[in-house]
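Okay, structure first, notes after.
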């Protein structure tokens, strides 16, 4: 995965506005299992804002070339030690939660991969509202493998993914 501090050029000009369709899916996600899965499927094509913060050497005042800090994704931890990775669908929800963090635009598969790398068991979408959603461990693992949840025409749910490259000269997975 590319560095968190290096957002994709695909988001150049993105001003952080929430997608109204995504917000509508989140608003009804608690009604049923299918509405929940429909929301997760819709999030597979959405842009998220992942909060990152500087951690490391906090000492001193003013610029100092000897100070070192690195940018890291924010994790939330419950009393029992369970961790979740918060992400946001818009700058409004992001700044209402943690205005001092830096928003990094990314896709859900990138968010899920970051969660897995960080040991988080859930992705917390819009944790401060307007319509929070928790994507739990089993779904996070599939999403981290660049799989996309899709609703099947005949009913039910499936995973869309690209098979390993089996072309001549490609790796056979």
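Counting only strands (runs of 3 or more DSSP E) that sit completely within segment 92-154, those holding 3 or more residues that are more than 18 Å from residue 26 (Cα to Cα) and touching a strand residue (DSSP E or B) at 6+ places or on another chain (Cβ under 8 Å) correspond to 102-106. Among residues of segment 154-172 that are closer than 22 Å to residue 43 by Cα, none has a beta-carbon under 7 Å from a residue that is part of a loop (DSSP other than H, G, I, E, B) and modelled with pLDDT under 55 at least six positions away or on a different chain. Residue pairs whose Cβ atoms lie under 8 Å apart, sitting 6 or more positions apart in sequence or on different chains, and linking a residue in segment 40-67 that is on the phi < 0 side of the Ramachandran plot to a partner that is surrounded by fewer than 10 Cβ atoms within 10 Å (Cβ to Cβ) and modelled with pLDDT under 85, are 57/68; 67/59; 67/60. Considering segment 117-129, and only residues there that are modelled with pLDDT of 95 or more and touching a helix residue (DSSP H, G or I) at 6+ places or on another chain (Cβ under 6 Å), the residue that is farthest from residue 98 (Cα to Cα) turns out to be 123.
The values are calculated or read from the model by the stated rules, or taken from the named source; none is laboratory data. Remember, predicted model here, so these are calculated numbers, not experimental data. Here the Cβ is made from the backbone with ideal geometry for all residues, glycine too, and neighbour counts use every protein chain on show.
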